[in-house]
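Below: the structure, in structure tokens.
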Amino acid sequence: MDYNALAELLFPNVKMTTEDIEKLYPPRELKEGAVVSRMAPSPTGFVHLGNLVQGMTSERLAHQSGGVLFLRVEDTDQKREVPGAVEVLIDVLKHYGIVFDEGATKDGDSGAYGPYRQRQRKDIYHVYAKKLVREGKAYPCFCTEEELAAMHEQQAAEKANFGYYGKWAKFRECPLEEIERRIAAGEPWVLRFRSDGNIENKIKFTDQIKGALELTENDIDHVLLKSDGIPTYHFAHAVDDTLMHTTHVVRGDEWLPSLPFHIQLFRALGKKLPKYLHIGTLQKMDGESKRKLSKRKDPELALTYYQQEGYPVKAVYEYILTILNSNFEDWRRANPDADTDEFKFSAKKMNPAGSLFDVNKLRDVSKNIIAKMSAEEVYELACEWAKEYDREFYELLAGYPEYSKEILAIGRGGKKPRKDIAIWKELRGYMDFFFEDIFEPEYVYPENMPYEDIESVLREYPKYYSPDADQTAWFDMIKVLSSQLGYCPETKEYKKDPGSWKGHVGDISMVLRVAVCGRQQSPDMFAVMKIMGPDMLFYRLERANEYLKDHKKDFEKAL
Ligand code: GLU
């Protein structure tokens, strides 16, 4: 077979050589050890946790080594493409602090190694395709879909391995004359790789996450170019990552089965294989067993979920670090206030089997992070979230900034800050009682208290409250009221001799808490009353008392 003639026949318009192209993609001038990595998403519109995991891994490896991170859009599968998907991806990743040094952007491309959208690189792939044909490493295949389906059925009947290989590779040895005739007749063709692999052979390979692997050689003559001349992922991957000088390919381990083919392809092109990091799938516990996170069953797989729920970006980022690197939590304990960029991210510390995702753990991380924020920061972030997802609450926060910040400052800033908020969505429920408009009380008083005593507390307390009292004086007055009503002012004393009292000071405080906050749990009541001010406080007591009287029978019955 005259491969030169075949190459000219298939690619008559390709005049450039691979050398010409490679002059346009000179080696990058980076220091020794700098990692060049990339994200290469297909623009399907759904941005998931796996994207973030992959993006963070690539980003950390590239940037902490003084390297480059770029974004390449793998848009070779036009059928799956969703308009606007690239923009969404760029925005979401930016939201999590992943910024690309070069690649596709919202207004075109930026960087010297583009174009960064594969459909625009068609001519480049053809130059490499022509070279492979000239070297006898690729050939056209004219099989129709029906023929391939029939081959598949036949293989099933013979219990043979599926795929286009060996004796099944109908056009592998097709004479030039027949190819000429078919092309002249306008028959569509795809370009296939002429595999020299044998499934009896094993290849040794070291993955940066999975470690030493033994893979079976590839014997399939995979498609390199589809009938419209657009490359398959495999071919585009080898050409692009060569020209763009990618040193580390970070991708999901669903690509592991394709690796033997990729190794072959790089060899056929005469190019150096990049290092590979195959990330294991994210899993979660489902009852006693682990399973893969699923798009259908698990809303937490979508990155939009974290925005909607109101997880601070920092919390999601930090949590992902804890599941990606096994030593991150120890590092965090030793460096509680350090910036996460100071942590030395390492592929060696990644779990080869994939990480276990646990929303409760994420919530804990988030609580810790929010507890350390200033009231000002909480206010800003909560406003940003509420503006988008809870308009009514937003209006209140924005309408009363100083008041809101005072509320958010309760329990903040000390050695042991309160850790009661995990997501911004919960903030409304945490502080709604401070706003008359959204206050929805549930009056559930201590069970041991008779109607009359509750009523007395609600009626009498204003006489005991002074807005100028400090915390001790304030509490002393609640103790005085307790004694007046026959409730022990000291809890400890009460415990020694509960029979002598109707209850203790905690019961009186609880009545006040329920009346003022409309629930049994609240932040520190001294702070709450101080921020509310006497007008609102007394109004709340009155309102609670009216409710009590209106529902007298229910409250009496409850006893
Ligand atoms: N387009 C591929 C994907 O989205 C890219 C894999 C890779 O990073 O090489 O899975």
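By the count of other C-beta atoms within 10 Å, a proxy for reagent exposure, W424, W168 are ordered fewest to most as W168, W424. Quick one: which of K202/K272; K361/K425; K202/K297; K79/K106; K23/K349; K130/K272 span more than 27 angstrom between C-alpha atoms? From the list (K202/K272; K361/K425; K202/K297; K79/K106; K23/K349; K130/K272), the Cα-Cα distance tops 27 Å for K202/K297; K23/K349.
The mean sequence separation of alpha-carbon pairs under 8 Å and at least six residues apart, normalised by the residue count of the chain, gives a relative contact order of 11 percent. Simple point charges give the picture: +1 on the Cβ of Lys and Arg, -1 on the Cβ of Asp and Glu, and for the chain a dipole about the Cα centre of about 1500 debye. FRET efficiency for the E81 to K415 pair, using the beta carbon distance and R₀ = 35 Å, is estimated at 0.05. Packing, as the average of other Cβ atoms within 10 Å across residues, places the peptides 292-302, 537-547 in the order 537-547, 292-302, highest first. The phi torsions of region 378-390, fed into the Karplus equation with coefficients 6.51, -1.76 and 1.60 and a -60° offset, translate into couplings of 4, 4, 4, 5, 5, 4, 4, 5, 5, 4, 8, 10, 8 Hz, rounded to whole numbers, with Gly and Pro shown as x. In order along region 109-115, phi translates into HN-Hα couplings of 10, 9, x, 8, 10, x, x Hz, rounded to whole numbers, per the Karplus curve 6.51 cos²θ - 1.76 cosθ + 1.60 with θ = phi - 60° and x for Gly and Pro. Between amide H atoms placed 1.01 Å from N, distances below 5 Å from V250 occur with R38, L277, all of them 5 or more places distant or on a separate chain.
Across the options F70, G166, G499, the greatest Cα extent toward the positive end of the charge dipole of the chain (unit charges at beta carbon of Lys, Arg, Asp, Glu) belongs to G166.
Is the C-alpha gyration tensor of the chain telling us rounded, prolate or oblate? Criteria: a/c under 1.5 is rounded; beyond that, a/b larger than b/c is prolate, otherwise oblate. Prolate is the answer for the chain, as a/c is 1.5 or above and a/b outweighs b/c. For the chain, the longest principal axis of the C-alpha atoms and the axis of helix 145-157 are separated by about 80°.
Remark: region 8-22, residue by residue, has Karplus-estimated 3J(HN,Hα) of 5, 4, 7, 10, x, 8, 7, 9, 6, 10, 5, 4, 4, 5, 5 Hz, where x stands for each Gly or Pro and the curve is 6.51 cos²θ - 1.76 cosθ + 1.60 at θ = phi - 60°.
Cross-link partners for K463 among the lysines, with Cα-Cα distance under 25 Å and sequence neighbours closer than 8 places in the same chain left out: K479, K502, K530, K549, K552.
Amide H to amide H distances under 5 Å link L213 with F205, T206, D207, where only residues 5 or more positions off or on other chains count and H is placed in the peptide plane.
Here the extension length gained between T216 and Y539 equals 108.5 nm, from 0.36 nm per residue of separation less the Cα-Cα distance.
Here, each number is a calculation from the coordinates, and none is a lab measurement. Only a predicted model underlies this, so the values are computations on that prediction, with no experimental measurement involved. Backbone-built Cβ (ideal geometry, glycine too); neighbour counts: all protein chains shown.
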